Amino acid sequence: MGMFSLSAMLVAALIAIAIMSLFGDNALFMSGLLQGAWLTVQITLLGSLLAVIMATTAALFRLYGAPPLRWLAVTYVEFFRGTSALVQLFWLFFVLPLFGISMDPFSVGVLGLGLNIGAYGAEVVRGAVQGVHRGQWEATTALNMTRWQALKRIILPQAFVAMIPPWGNLFIELLKSTALVSLITMSDLTFRAKTINDTTMQTIPIFTLALLTYLVMSLTITIGMRWLERASLRGMVRGRGR
Amino acid sequence: MSATTNHPMVRFEGVTKRYGALTVLDDLNLEVGRGEKVAIIGPSGSGKTTVLRMLMTLERIDGGVIWVDGEPMTHMQKNGQMVPAEPKHLRRVRSKIGMVFQHFNLFPHMTALANCTEAPMTVLGLPRREAEERAAELLNMVGLGDKKGHYPAQLSGGQQQRVAIARALAMRPKIMLFDEVTSALDPELCGEVLQVIRKLGSEHDLTMLMVTHQMGFAKEFADRVCFFYQGKICEQGEPKELFTAPKNERTQQFLRAVLEAV
């Protein structure tokens, strides 16, 4: 879908929220939901940052690290991809304190979701780096660059472009997973929707507004990633040259 | 090791390369003199491109030693013994060699100018201004002084290949390797690239090895032509001799087949 239709969809969602807020107590519900949404946004942003750092580190360890680092990266990816994100959060929140390490729920949310999405991201980064044409590596050898110089200046910048769409998916995945933090006592968007519903029983408007709010946030991510992709493709061959 | 000694610039000494059970190069012995221009021809699969790739350290060798400018490149002396080269040694010796590829391999995310300044800045540590001056000079030399700000995707194949030549020269190599540099180009674009190589040959004291299918160019430009067949040099000599009166039957066959294709 093009940038125009995405923007149109975003505007439509915002208008729908505005119109709904004109009726009944919906404006009140919405302001409660927005307080939760702000927490959701914070966890999404910080979690995404952690995910990108973890993914890049794990991918580079796996591709170019000494055997122990490679092994560590594989273990990280398989463990966090292969177990439930919710159980990971429970483990960090309820089990870790039994070993004397306790964190506030916000940190647990960021850490748990960041590590989880980072594990998926590691495969995205690895695939993108390996997808850069072999001739690019050969050119860096012919120019006598070190592996690190080649990675930093030539390979990663090209891999970056290929990574943007799958990262867009993962960021949206992370956004939606933040609903899980409502189960470790955090009042995020989902938690707010639930509690407002429990007290008012206005199920239809509350959960519809919550859905629309998630949609607005995910469309913002999609549009942002499209813009990033376009900006980094400027001048460059689409889909990378040889 | 002084630069004035008359050791060959490149020497393959009993070099062997295998891919699994397939021997691509079999006990290759080849010397290339300082400033000499050697054209390598032969049917596909004869190992000719592998010669360049091994010299550029893009392929490991399975036997023998490659010497560059009087010292071993693939090996180094340690306690009086020849041992496989460490990365540092490899990088030092490799700095004397530049290569131009069949598919250009330009960096698509960088302008023509940045393609030519990247390695001088990151590898040689040149300040940006000096690197840019040098790059601009080289782009002028290859006739692309007005395309500095263009990205590879905005250039024709012939222009891209000329940028690639400038990029390799920016590292000031003593030896230049050309691997079928016109094979990926439309016929009408070959001339501009060959013209640049001709100019390089006449104006610079570069040692050149080129794998080529352009027999006419090899004949006119090279000091020596090596015909490869099944991983060995089957016949070599001055171009005039080799092209007009090849002694070996394989060479005759190959040249006949190439001429028929024209």
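The values are calculated or read from the model by the stated rules, or taken from the named source; none is laboratory data. Computed from a predicted model, the values in this text were never measured in an experiment. Here the Cβ is made from the backbone with ideal geometry for all residues, glycine too, and neighbour counts use every protein chain on show. Heads up: the accessible areas ignore ligands, DNA and RNA and are worked out on the full protein's heavy atoms, side chains in. Shrake-Rupley method; radii C 1.70, N 1.55, O 1.52, S 1.80 Å.
Around A:Gln149, with a cut-off of 12 angstrom between Cβ atoms, what is the net charge of the other residues, counting Lys and Arg +1 and Asp and Glu -1?
Working: positive: A:Arg147, A:Lys152, A:Arg153, B:Arg91; negative: B:Glu118.
Charge balance in the 12 Å sphere: +3.
Using a cut-off of 15 Å between beta-carbons, work out the net charge of the residues near B:Lys17 (Lys and Arg +1, Asp and Glu -1, B:Lys17 not included).
0
Protein chains only, probe 1.4 Å: how do B:Trp67, A:Trp91 rank by accessible area, largest first? Numbers along the way, then the final one.
Values: B:Trp67 50, A:Trp91 120 Å².
Descending accessible area places them as A:Trp91, B:Trp67.
Filter the chymotrypsin sites (Phe, Trp or Tyr not before Pro) in the stretch A:36-69 to those in DSSP coil with at most 15 other Cβ atoms within 10 Å of their Cβ, and list the result.
Passing both the DSSP loop test and the Cβ count: no residue.
When the Cα centres of the stretch B:5-24 and the stretch B:162-206 are compared, how far apart do they sit, in Å?
Centre-to-centre (Cα) distance: 24 Å.
Using alpha carbons only, how many angstrom separate the centre of the stretch A:117-149 from the centre of the stretch A:159-179?
Taking the Cα centre of the stretch A:159-179 as reference, the centre of the stretch A:117-149 is 20 Å away.
Multiply the residue gap between A:Met9 and A:Leu72 by 0.36 nm, knock off their C-alpha separation, and tell me the result in nm, one decimal place.
Result for the pair: 18.4 nm of gain on full extension.
Taking 7 Å along the Cα-to-C-beta vector as the label spot, tell me the B:Gln154-B:Asp205 distance in nanometres, rounded to one decimal.
3.9 nm
Out of residues 5 or more away from B:Gly64 or on other chains, whose amide H comes under 5 Å of its own, with H placed 1.01 Å from N in the peptide plane?
B:Thr16
Applying the Karplus parametrisation 6.51 cos²θ - 1.76 cosθ + 1.60 with θ = phi - 60° to the phi angles of the stretch B:182-195, what ³J(HN,Hα) value in whole Hz is obtained for each residue in order, glycine and proline being reported as x?
For the stretch B:182-195, the Karplus-derived couplings read 10, 5, 8, 9, 5, x, 6, 9, 5, x, 5, 6, 4, 4 Hz, x marking Gly and Pro.
Please tell me the relative contact order of chain B in percent, rounded to the nearest whole number, where contacts are Cα pairs under 8 Å and at least six residues apart.
Result for chain B is 24 percent.
Kindly state, as a whole number, the per residue volume in cubic angstrom of the convex hull around the alpha carbon atoms of the stretch A:150-228.
93 Å³
So what are the three principal axis dimensions of the stretch B:107-172 from its Cα atoms, in whole Å, longest to shortest?
Principal extents (Cα only, largest first): 30, 23, 16 Å.
Please compute the Cα-Cα pair-distance distribution of the stretch A:1-86 with 5 Å bins starting at 0, giving whole percents from short to long.
Pair shares across the bins are 3, 11, 11, 13, 13, 12, 10, 10, 8, 6, 3, 1, 0.
On a full-extension model of 0.36 nm per residue, what is the gain between A:Lys176 and A:Ser84, subtracting their alpha-carbon distance, rounded to one decimal in nm?
Details: separation 92, 0.36 × 92 = 33.12 nm, distance 1.44 nm.
Gain in length upon complete extension: 31.7 nm.
Using a 1.4 Å probe over the heavy atoms of the protein chains, calculate the carbon and sulfur portion of the accessible area of the stretch B:15-133 as a whole percent.
Ligands and nucleic acids excluded, carbon and sulfur reach 49 percent.
For chain A, find the longest principal axis of its Cα atoms and tell me its angle to the long axis of helix A:203-233, 0 to 90°, nearest 10.
Long axis of A:203-233 versus the principal axis of chain A: about 20 degrees.
Report the antiparallel proportion of the DSSP beta bridges in chain B as a percent, rounded to a multiple of 5.
Of the beta bridges lying entirely in chain B, close to 60 percent run antiparallel.
When the helices in chain B are scored as -39500 (n - 2.57) per DSSP H run of 4 or longer and the sum is shared across all residues, what 222 nm value do you end up with, to the nearest 500 deg cm²/dmol?
The helix contribution divided over chain B gives -11000 deg cm²/dmol.
Ratio to report: Rg/Rh of the stretch A:52-181, with Cα atoms as the point set and Rh obtained by the Kirkwood method; give two decimals.
Computed over Cα atoms, the ratio is 1.07.
Run the accessible area of the stretch A:27-233 with a 1.4 Å probe and give the carbon-and-sulfur part as a rounded percent. Show your work: numbers first, answer last.
Values: 6730 of 9590 Å².
Result for the stretch A:27-233: 70 percent of the exposed heavy-atom area is carbon or sulfur.
Per 10 Å bin from zero, what fraction in whole % of the C-alpha pairs of chain B is there, up to the bin with the longest pair?
Pair shares across the bins are 7, 29, 35, 23, 7, 0.
Would you work out the Kirkwood radius for the stretch A:106-199? I mean one over the mean of 1/r across all pairs of different Cα atoms, in Å. Show your work: numbers first, answer last.
Working: mean 1/r = 0.0630 Å⁻¹.
Taking every pair of different Cα atoms in the stretch A:106-199, averaging 1/r and inverting gives 15.9 Å.
Which whole-Hz couplings ³J(HN,Hα) result when phi for each residue of the stretch B:40-53 is put into the Karplus expression 6.51 cos²θ - 1.76 cosθ + 1.60, θ = phi - 60°, listed in order with x for Gly and Pro?
Using θ = phi - 60°, the values come out as 10, 10, x, x, 5, x, 7, x, 5, 5, 4, 4, 5, 5 Hz.
Taking the radius of gyration and the Kirkwood hydrodynamic radius from Cα positions alone, what is the Rg/Rh ratio for the stretch B:127-250, to two decimal places?
Radius of gyration over Kirkwood radius for the stretch B:127-250 works out to 1.03.
Antiparallel DSSP bridges in the protein assembly as shown: what percent, to the nearest 5?
Here the share of antiparallel DSSP bridges comes out near 60 percent.
Against the longest principal axis of chain A, how steep is helix A:189-200, in degrees 0 to 90 to the nearest 10, with axes from Cα atoms?
Once rounded, the angle reads 10 degrees.
Which ³J(HN,Hα) values in Hz, rounded to whole numbers, follow from the phi angles of the stretch A:166-182 under the Karplus curve 6.51 cos²θ - 1.76 cosθ + 1.60, where θ = phi - 60° and Gly and Pro get x?
Rounded to whole hertz, the list is x, 5, x, 4, 5, 5, 5, 4, 5, 3, 6, 5, 4, 4, 5, 5, 5.
Based only on Cα atoms, what Rg/Rh ratio does the stretch B:1-53 have, Rh being taken as Kirkwood's radius? Could you put the intermediate results ahead of the total?
Values: Rg = 13.3 Å, Rh = 12.7 Å.
Result for the stretch B:1-53 is an Rg/Rh of 1.05.
Based on Cα coordinates alone, diagonalise the gyration tensor for chain A, multiply each eigenvalue by 5, take square roots, and list the semi-axes in whole Å, largest first.
38, 25, 10
Name the residues of the stretch A:145-188 whose accessible area, probed at 1.4 Å, falls by at least 20 Å² once all protein chains are in place instead of their chain on its own?
A:Met145, A:Thr146, A:Gln149, A:Arg153, A:Ile154, A:Gln158
Rounded to a whole number of µm²/s, how large is the Stokes-Einstein D of the stretch B:196-251 at 37 °C and 0.692 mPa s, given Rh as the Kirkwood radius over C-alpha pairs?
270 µm²/s
Just want to confirm a number: the relative contact order over the stretch A:64-132, from Cα pairs under 8 angstrom separated by 6+ residues, in percent.
Values: 29 pairs, mean separation 26.7, N = 69.
The normalised contact order for the stretch A:64-132 reaches 39 percent.
Report the far tail of the P(r) of the protein assembly as shown, meaning the percent of Cα-Cα pairs longer than 30 Å.
In whole percent, the long-distance tail amounts to 60.
Taking both sides together, what accessible area is buried at the B/A interface, probe 1.4 Å, expressed in Å² and rounded to the nearest 100? Provide the component values of the computation, followed by the final result.
Working: alone 12890 and 13100 Å², together 23800 Å².
Heavy-atom accessible area buried at this interface is about 2200 Å².
Below 9 angstrom from the Cβ of B:Cys226, what's the summed charge of the other residues (Lys, Arg +1; Asp, Glu -1)?
+1
Per residue, what accessible area does the stretch B:112-262 have, given a 1.4 Å probe and all protein chains present, in Å²?
Heavy-atom accessible area per residue stands at 46 Å².
Specify the residue with the greatest mean-square fluctuation among A:Gly135, A:Gly224, A:Gly109, computed from a Gaussian network of chain A linking alpha-carbon atoms under 10 Å apart.
A:Gly135
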